[in-house]
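The values are calculated or read from the model by the stated rules, or taken from the named source; none is laboratory data. Nothing here was measured: the structure is a model prediction, and the numbers come from that model. A quick note on method: Cβ atoms are made from the backbone with ideal geometry, for glycine too, and the neighbour counts reach across all protein chains shown.
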Amino acid sequence: MKHATAQALDQLEPLIETLRALPGLKERSRGVFYRKSKAFLHFHEDPKGLFADLRAGDDFERFDVTEAPGRQALVAATEAVLRA
């Protein structure tokens, strides 16, 4: 699965704006977020859709963010990890 292109990130811009507003995240390049010095959240694309990988503990959890329900789930999970 390849990292999301600029065109794919354009489709996710409202989601990315929401993530930018969350405390504790730093966007090092468009759509690639770090928490402290560790990679925390980034996006991929493939023929099946758009996906986000969120660091939850030592591993990444994958979310299908092609549609609104997956985007909402990603934001909720991101907020939960940041609170923990």
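Some observations on this one:
- Entry remark, the stretch 52-77: residues being part of a strand (DSSP E or B), within 21 Å of Glu13 (Cβ to Cβ) and in contact with a Leu (Cβ under 6 Å, 6 or more places away or on another chain) number 3 in total.
- For the stretch 63-77, the criterion of being surrounded by 11 or more Cβ atoms within 10 Å (Cβ to Cβ) and either touching a His at 6+ places or on another chain (Cβ under 9 Å) or modelled with pLDDT under 95 (or both) is met by none of the residues.
- The stretch 40-53: number of residues that are at pLDDT 95 or above, out of contact with any Ser or Thr (no Cβ under 6 Å at 6 or more places or on another chain) and not acidic (Asp, Glu): 7
- Within the stretch 32-51, being crowded, with 16+ Cβ neighbours inside 10 Å and either more than 20 Å from Gln11 (Cα to Cα) or hydroxyl-bearing (Ser, Thr, Tyr) (or both) holds for Tyr34, Arg35, Phe40.
To keep it simple, each residue is scored yes or no on (1) closer than 19 Å to Phe60 by Cα; (2) of a type in the set (Ser, Thr, Tyr).
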| site | (1), (2) |
| --- | --- |
| Gln7 | no, no |
| Leu12 | no, no |
| Thr18 | no, yes |
| Leu22 | yes, no |
| Lys26 | yes, no |
| Phe33 | yes, no |
| Lys36 | yes, no |
| Phe40 | yes, no |
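- Cβ-Cβ distances below 9 Å connect the following pairs, each with a first residue in the stretch 1-25 that is surrounded by 11 or more Cβ atoms within 10 Å (Cβ to Cβ), a second residue that is of a type in the set (D, E, K, R) and in a helix (DSSP H, G or I), and a separation of six or more residues or different chains: Leu12/Arg71; Leu15/Arg71; Thr18/Arg71; Leu22/Glu79.
- Selection from the stretch 36-51 of residues that are assigned to a loop (DSSP other than H, G, I, E, B) and either touching an Asp or Glu at 6+ places or on another chain (Cβ under 8 Å) or among the charged types (D, E, K, R) (or both): Lys36, Lys48
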